[in-house]
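Everything on this sheet refers to the single structure shown next.
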Amino acid sequence: MNPLFFLTRLDTIDDPLAAKASELGFTVLRAPLFATEAGRDATSLLKRISAVGDGLAIAWTSRRAAEALAGTPHSTRRHLAGIPLYALGEESAAPARRAGLSPVTPGESVGAAGFARFILSRASQEGIRFVLFLRGDRSLPDLPNGLKAGGMEVLSLEVYRTRFLNADVGGLTTWLAKGDSVAVAFFSPSGVAALERLLEEPARALLHDRAAAIARGSTTAEALEARGYRNVFRPGTDTFETVVKEALLSTSGGRR
């Protein structure tokens, strides 16, 4: 049986990754493990932005949070042009960029704690005294905690919520049970949790022990390692696409 490349979401943005895996001889499966919906603070986002004066910055770590910002009226986006905006990476920045905004990113995978240090390093030159953190209901506290530890005032707004889905992961468990090679791409700690809840032993133990677990960012890599995944591929100075290719080649025995 061909090696398996399993993506823990169903998103057209991953089409190039799926095509590359197919080119390398992988069977590709994708499963939507969770859905998102407006969070409890989504309706107050405009009011929060307009109520804060000078010294405000806005930061986020996920694409879904950027989509909430990008969905604000054009008049609000014009106002945002004068506010420092920070995204954890290029994927999380993309919806804001498409809406005409210009968020700054660290330029490499630094994780949420490193992202906090990056923002703090720019606070003086940007005149930042207050950060509005756009998050989901399952977001980890690393970013706001890091900012607060550096003396920054932070207000967290839940702009989206995550709802786990009962997706079919039978293809993945079949590959694991047969002992064939498996690579799995994870895009967030929520994606890790969403897949874990759908697996029973021994499938979960086999996944931890044998799969090449590819992390979209450092925080996701840490979530995988904390759950006992033994073969985690994490981005550093390399792009995520480069890390995926490296993991796929490793999984397939270097076949091109």
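The values are calculated or read from the model by the stated rules, or taken from the named source; none is laboratory data. Since the model is a prediction, treat every value here as computed from it, not as a measurement. All Cβ positions, even for glycine, are placed from backbone atoms using ideal geometry, and neighbour counts span all protein chains on display.
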Among Leu155, Leu172, which is the only one that is of a type outside the set (Val, Ile, Thr), in contact (Cβ under 8 Å) with a residue 40 or more places away in the chain, at negative phi and assigned by TED's automatic domain parsing to the domain that holds Ser62?
-> Leu155
With segment 1-100 as the region, which helices (runs of 4 or more DSSP H) entirely inside it contain at least 1 residues that are surrounded by fewer than 14 Cβ atoms within 10 Å (Cβ to Cβ) and assigned by TED's automatic domain parsing to the domain that holds Thr239?
-> 15-23
Only one residue in Ala113, Ala123, Ala177 is within 20 Å of the chain's Cα centre (by Cα) and either not acidic (Asp, Glu) or not in a loop (DSSP other than H, G, I, E, B) (or both). Which one?
-> Ala113
Please go through segment 1-35 and pick out each residue that is among the hydroxyl-bearing types (Ser, Thr, Tyr) and modelled with pLDDT of 95 or more.
-> Thr8, Ser22, Thr27
With respect to Asp137, is the statement that it is of a type in the set (Asp, Glu), touching a residue at least 40 places away in the same chain (Cβ under 8 Å), in contact with a helix residue (DSSP H, G or I) (Cβ under 9 Å, 6 or more places away or on another chain) and not assigned by TED's automatic domain parsing to the domain that holds Ala247 true?
-> no
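Can we say Gly107 is surrounded by fewer than 17 Cβ atoms within 10 Å (Cβ to Cβ) and of a type outside the set (S, T, N, Q)?
Details: surrounded by fewer than 17 Cβ atoms within 10 Å (Cβ to Cβ): yes; of a type outside the set (S, T, N, Q): yes.
The answer is yes for Gly107.
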Could you give me the residue pairs with C-beta distances under 7 Å whose first residue belongs to segment 216-237 and is crowded, with 21+ Cβ neighbours inside 10 Å, whose second residue is charged (D, E, K, R) and part of a helix (DSSP H, G or I) wherever it lies, and which are 6+ apart or on separate chains?
-> Thr219/Asp142; Phe233/Glu246
